[in-house]
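Structure first, commentary second.
All of the numbers you see were taken from the coordinates with simple rules; none came from a lab. This is a predicted model, so every value here is computed, not measured.
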Amino acid sequence: MSFPKRVWDQIKNITAGELIAALERDGWEEDSESRRGATIPFLKPGEPSQRIVIHYHPRKTYGTKLLKALLRDIGWTAEDLIRLKLTK
């Protein structure tokens, strides 16, 4: 999944905390039973259910490849990023 340059410029420095807050706004729930160390698993209820693991380090940003992979696995589009207030 590719994002337009204007969108990518706004999300490329997203922190783990901002990403987690957006996941929660989108209906994802933390799977606290499976949490280990700096990894936080999230589940999205529904058919089929989805699971994603976020590596959490306060105030740290993600590298380009990891962020693109996370967004691809989550399945957000540019419209979703606007809806979740990650971009304008």
* What angle, in degrees between 0 and 90 and rounded to the nearest 10, separates the Cα long axis of helix 64-74 from the longest principal axis of the Cα atoms of the chain? -> 60
* Going by alpha carbons, how many degrees (0 to 90, nearest 10) lie between the helix axis of 16-25 and the longest principal axis of the chain? -> 80
* **Whichever aspartates and glutamates have a C-alpha closer than 19 Å to that of LYS12, once near sequence neighbours (fewer than 8 apart) are set aside** => ASP73, GLU79, ASP80
* Across 5 Å bins from 0, what is the distribution of all Cα-Cα pair distances for segment 5-75, in whole percents? -> 3, 15, 27, 28, 16, 7, 2, 0
* Residues of type lysines that LYS44 reaches as a straight line, Cα spacing below 21 Å, ignoring anything fewer than 8 places off in the same chain -> LYS68, LYS85
